[in-house]
Amino acid sequence: EPIQGKGVNMPDDGYLAGAAALCKRYGTLFVADEIQTGMGRTGRFLAVEHWNVEPDMVLLSKSLSGGHVPVGAVLTRKAIFDKIFDRMDRAVVHGSTFSKNDLAMAAGIATLEVLKQEKVIENAAARGAELLATLSAMIPRYELLKNVRGRGLMIGVEFGPPKSLKLKASWAMLEAASKGLFCQLITIPLFKDHKILSQVSGHASHTIKLLPALTITQEDCNWITSSFDTVIENSHRVPGAIWSLGKTLVDNAARKTA
């Protein structure tokens, strides 16, 4: 994955180019898993384009059909394709029961047309830059908010240990019950009170992942950032409603392990 889905971890600027150069030197194929990052998610059709890397193979799926039909695709250089399917008896060397169905292909073609005609990828780049900038600007104001990273509309919002005594005690209580539990104190009110669906980016992770629809508007961005601002601000109030929720989660975790 050019950008790791679990944690929304960004590569160093020279990492992907260096990996591609090593693959070429030793005769290994460079394969980009763009199932989550591709199709405009990061503000480019493929995420590797941000680092000017040309992979030998690309994996696409899920959003290729606009989320309506199960679909997957493998893009590859012609030389690789010709080597795999070089004879008639090798025509079925790769296949599956449900592959190559007409409905999935029609959905994929329609999705590609919409991406181009409605400038969806350009919108993802612009709206993503706005969200990243606005969310990042909150970091100096909130001691629990540590980092905001990503590209386009693939954004990770990372939280971490506070410095103030009251928050330290509450954070330690959550971490003792289950590492990464604090993020639930953000995602639950975001959904319950603000109707924003987000997710913790992995087990025991302190990063919340945002993957908004690529068609979001300026108004949607304002709604998202305003909601995050409100929920994060509330998380710094001890005691408060959010930490009451935290106590409930800790009690549930304790009962589960008892």
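The values are calculated or read from the model by the stated rules, or taken from the named source; none is laboratory data. Quick caveat, the model's predicted, so the values are computed rather than measured. Cβ coordinates were reconstructed from backbone atoms using ideal geometry, including for glycine residues, and neighbour counts include every protein chain displayed. To get the accessible areas, we keep the full protein, side chains included, count just its heavy atoms, and leave off ligands, DNA and RNA. Shrake-Rupley method; radii C 1.70, N 1.55, O 1.52, S 1.80 Å.
List the residues, sorted by chain then number, that are 5 or more residues from Asn147 or on another chain and whose placed amide H is less than 5 Å from its amide H.
Here the answer is Glu158, since their amide H atoms fall under 5 Å of that of Asn147.
For Lys62, give me every one of the aspartates and glutamates with a C-alpha distance below 13 angstrom, ignoring sequence neighbours fewer than eight places off in its own chain.
Those aspartates and glutamates meeting the cut-off are Asp33, Glu34.
Once the Cα gyration tensor of the stretch 42-181 is found, what semi-axes does its equivalent ellipsoid get, as square roots of 5 times the eigenvalues, in whole Å, sorted largest first? Write down the numbers at each step before the final one.
Working: eigenvalues 362, 79, 47 Å².
Values for the stretch 42-181, descending: 43, 20, 15 Å.
With only alpha-carbon atoms counted, please give the Rg and Dmax of the chain, in Å.
Considering the chain through its Cα atoms, Rg and Dmax are 21.6, 71 Å.
I'd like the orientation of helix 165-177 relative to the chain: the angle between its Cα long axis and the longest Cα principal axis, in ° from 0 to 90, rounded to 10.
Taking Cα atoms only, the helix is inclined about 50 degrees.
Using R₀ = 30 Å, calculate the FRET efficiency as 1/(1 + (r/R₀)^6) where r is the Cβ-Cβ separation of Glu118 and Trp223; round to 0.05. Present the calculation step by step, with values, prior to reporting the outcome.
On the way: r = 21 Å, r/R0 = 0.70.
Computed FRET efficiency for Glu118 and Trp223: 0.90.
Each residue of the stretch 53-69 in order: what ³J(HN,Hα) in whole Hz does its phi give by Karplus 6.51 cos²θ - 1.76 cosθ + 1.60, θ = phi - 60°, with x for Gly and Pro?
10, 10, x, 7, 9, 10, 9, 10, 5, 6, 5, 4, 9, x, x, 9, 9
For the stretch 132-220, what % of the accessible area comes from carbon and sulfur atoms, probe 1.4 Å? Don't skip to the end; give the middle numbers.
Details: 2450 of 4180 Å².
After summing per-atom areas, the C and S share lands at 59 percent.
On a 0 to 90° scale, report how tilted helix 15-25 is relative to the longest principal axis of the chain, with both axes built from alpha carbons and the result rounded to the nearest 10.
30 degrees
Taking the chain as the reference, fit the longest principal axis to its C-alpha atoms, fit the long axis of helix 102-117 to the helix C-alpha atoms, and give the angle between the two in degrees, 0 to 90, nearest 10.
70 degrees
Filter the trypsin sites (Lys or Arg not before Pro) in the stretch 157-226 to those in DSSP coil with at most 13 other Cβ atoms within 10 Å of their Cβ, and list the result.
Lys163, Lys179, Lys195
Can you work out the accessible area per residue across the chain, with the rest of the protein chains kept in place, probe 1.4 Å, in square angstrom? Mind showing how you got there, number by number?
Details: 14540 Å² over 258 residues.
On a per-residue basis, the chain sits at 56 Å².
For the stretch 117-178, I need the span (max minus min coordinate) of the C-alpha atoms along each principal axis, in Å, sorted largest to smallest.
52, 25, 11
Cross-link candidates for Lys168: which aspartates and glutamates have Cα within less than 19 Å, leaving aside residues fewer than 8 places away along the same chain?
Glu143, Glu158, Glu233, Asp251
Which FRET efficiency value, to the nearest 0.05, is calculated for Ala110 and Glu233 with the Förster distance at 51 angstrom and r the Cβ-Cβ distance?
Details: r = 42 Å, r/R0 = 0.83.
E between Ala110 and Glu233, to the nearest 0.05, is 0.75.
For Lys163, give me every one of the lysines with a C-alpha distance below 26 angstrom, ignoring sequence neighbours fewer than eight places off in its own chain.
Lys146, Lys179, Lys209, Lys247
Please give the FRET efficiency for Arg77 paired with Lys163, using the beta carbon to beta carbon distance and R0 = 41 Å, rounded to the nearest 0.05. Intermediate values should be presented prior to the final figure.
Values: r = 52 Å, r/R0 = 1.26.
The calculated FRET efficiency here is 0.20.
Among 214-223, 38-47, what's the highest-first ranking by average C-beta atoms within 10 angstrom per residue?
Details: 214-223: 14.8, 38-47: 23.8.
Listed from highest to lowest mean packing, they are 38-47, 214-223.
DSSP loop (so not H, G, I, E, B), at most 15 other Cβ within 10 Å: list which chymotrypsin sites (Phe, Trp or Tyr not before Pro) in the stretch 64-129 pass both filters. Could the numbers behind the result be given before it?
Working: sites: Phe81, Phe85, Phe98; in loops: Phe85, Phe98.
Passing sites in the stretch 64-129 are Phe85, Phe98.
Report the local net charge at Ile155: Lys and Arg +1, Asp and Glu -1, summed over other residues whose C-beta lies under 12 Å from its C-beta.
On the way: positive: Arg41, Arg127, Arg149, Arg151, Lys209; negative: Glu130, Glu158.
In short, +3.
How many percent of the accessible area of the stretch 15-118 is carbon or sulfur, using a 1.4 Å probe? If you can, show how the numbers build up before the last one.
Working: 4190 of 6910 Å².
C and S atoms contribute 61 percent here.
Could you tell me the center-to-center distance, by alpha carbons, between the stretch 115-137 and the stretch 146-183 in angstrom?
25 Å
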